[in-house]
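Quick notes on the structure that follows.
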Amino acid sequence: MQSREVTVRTGGERGAYDMTDTCAGFLDEVAGGEDGLLLVFVPHATAGVVVMELGSGSETDLTEALDRLLPRDDRWVHRHGPRGHGADHLVPLLASPSVSIPVLRGRMALGTWQSVALVDPNAEKTSRQVRLSFVPAP
């Protein structure tokens, strides 16, 4: 297995951050044109990773949906940090901390409109670490 940690700069803005090119570049370096799996893992309690369409307004829709499902107010028992931060700790229930993506001939087997995105609802963070791992097929 080949593995690397990358930094995604969020600038302290809540949202979805496209990691597709970063993942593709990683595979260009390590997959050698082989089949396998790409594992994308976010080692943070308040972030997740998704495969979704980006660039069509879906990022805004995602943030607004999270805010409707997990209101940013003081109802949360987990209350440290800014108002609504307790909701951030529930995001991994909806946006998993990891995804696995099939790799065929060294390329992600994504659908036409699919991208890999970090979901970060926490404006307190300016960057996130993401672990990329390529597991070659046996």
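The values are calculated or read from the model by the stated rules, or taken from the named source; none is laboratory data. Quick caveat, the model's predicted, so the values are computed rather than measured. All Cβ positions, glycine included, derive from the backbone under ideal geometry; neighbour counts span all protein chains shown.
May I ask you to list the residues in the range 122-138 that are within 16 Å of residue 8 (Cβ to Cβ), small (Gly, Ala, Ser) and assigned to a loop (DSSP other than H, G, I, E, B)? If the condition is that a residue be within 16 Å of residue 8 (Cβ to Cβ), small (Gly, Ala, Ser) and assigned to a loop (DSSP other than H, G, I, E, B), then 123 is the only one that fits. In the range 1-23, the qualifying residues are those that are surrounded by 17 or more Cβ atoms within 10 Å (Cβ to Cβ) and of a type in the set (A, V, I, L, M, F, W, C), and the one that is nearest to residue 138 (Cα to Cα) is 23. Cβ-Cβ contacts under 6 Å between residues 6 or more apart (or on different chains), taken from a first residue in the range 122-135 that is crowded, with 21+ Cβ neighbours inside 10 Å to a second residue that is in a strand (DSSP E or B) and among the small types (Gly, Ala, Ser), are listed as 134/36.
May I ask you to list the residues in the range 77-117 that are assigned to a loop (DSSP other than H, G, I, E, B) and of a type in the set (S, T, N, Q)? Listed by number, the residues that qualify are 96, 112, 114.
Taking residues in the range 33-45 that are over 10 Å from residue 98 (Cα atoms), and partners anywhere that are modelled with pLDDT under 95 and of a type in the set (D, E, K, R), the pairs with Cβ atoms closer than 9 Å and at least 6 places apart or on different chains are 44/125; 45/88. In the range 54-80, how many are more than 22 Å from residue 116 (Cα to Cα) and surrounded by 14 or more Cβ atoms within 10 Å (Cβ to Cβ)? Final tally of qualifying residues: 3.
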